[in-house]
Amino acid sequence: MDYQKITKDWIHDFVIRHNLCPFAKKPFVQNTIRYALYEGTDWEALALLFQKEATFLKNSANSSTETTIIIIPNALNGFNDYLDFLAFANRLIFALRLEGELQIASFHPDYQFDGTEKMDVTNHTNRSPFPLLHLLKEESVTQALAHYDEPESIPERNMETMKRVFGEEKGRS
């Protein structure tokens, strides 16, 4: 299975198409997204890959690598396991002294925001084909947000988009 292609298709056909992240199109089109595939199931090996990718991203020029997506198709399939590893990865960012330089955006097939029901359509804003850890340079995030009016409205707008998208799909069935 071509996990990278599936992930790229999801970014193009879902994230960009529905403008869930107004900053996704530029690095996607400019091909400055690095994709790292971890096909194992061992947390220790995944942590080592995470460390390697975080260090690589921190040291890379934005013109070559703006962001990194770690694709994890065979591990962290349970959402609670994913959340546990995400918490560990955030502690690892701190241990690597990358706090303030990198941040993680989280995506999972069973993503569920705190306080929502599992089937709430708004959870789809962070649902992906596989567990993903999206490493972002904070400098890039800050620059992108500076050119976007009312960035605090993005989550609410995305939730409304998901209600509209999934409401339309239900209406067609």
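Please treat every number below as a calculation from the coordinates, not as lab data. Computed from a predicted structure; not experimentally measured. Glycine gets a Cβ as well: all are built from the backbone with ideal geometry, and neighbour counts include every protein chain shown.
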Residue-wise HN-Hα coupling along the range 12-17, computed from phi with Karplus coefficients 6.51, -1.76, 1.60 (Hz; x: Gly, Pro): 5, 7, 10, 5, 6, 4
At 1.002 mPa s and 20 °C, Stokes diffusion of the range 61-109 via Kirkwood alpha-carbon radius, µm² per second: 175 µm²/s
Among 18-31, 118-131, the order from most to least packed when residues are scored by Cβ within 10 Å on average: 118-131, 18-31
Where the Cα pairs of the range 20-113 fall when distances are cut into 10 Å bins, in %: 14, 47, 35, 3
Relative contact order (percent, whole number), the range 3-160, Cα cutoff 8 Å, 6+ residue spacing: 25 percent
Kirkwood hydrodynamic radius of the range 27-173, Cα pairs, Å: 16.6 Å
For the chain, the longest site-free run once GluC sites (Glu not before Pro) in DSSP loop states with at most 13 other Cβ atoms within 10 Å are removed: 40-116
Residue-averaged [θ]222 nm for the chain, counting only DSSP H segments that reach four residues, each worth -39500 (n - 2.57): -13500 deg cm²/dmol
Length added when fully stretched, THR142-ASP2, from 0.36 nm per residue minus Cα-Cα: 47.1 nm
Gain in span if fully extended, ALA45 to ALA87, counting 0.36 nm per residue against the direct Cα distance: 13.5 nm
Gyration tensor verdict on the range 1-72 (Cα atoms; rounded if a/c is under 1.5, prolate if a/b is larger than b/c, oblate otherwise): oblate
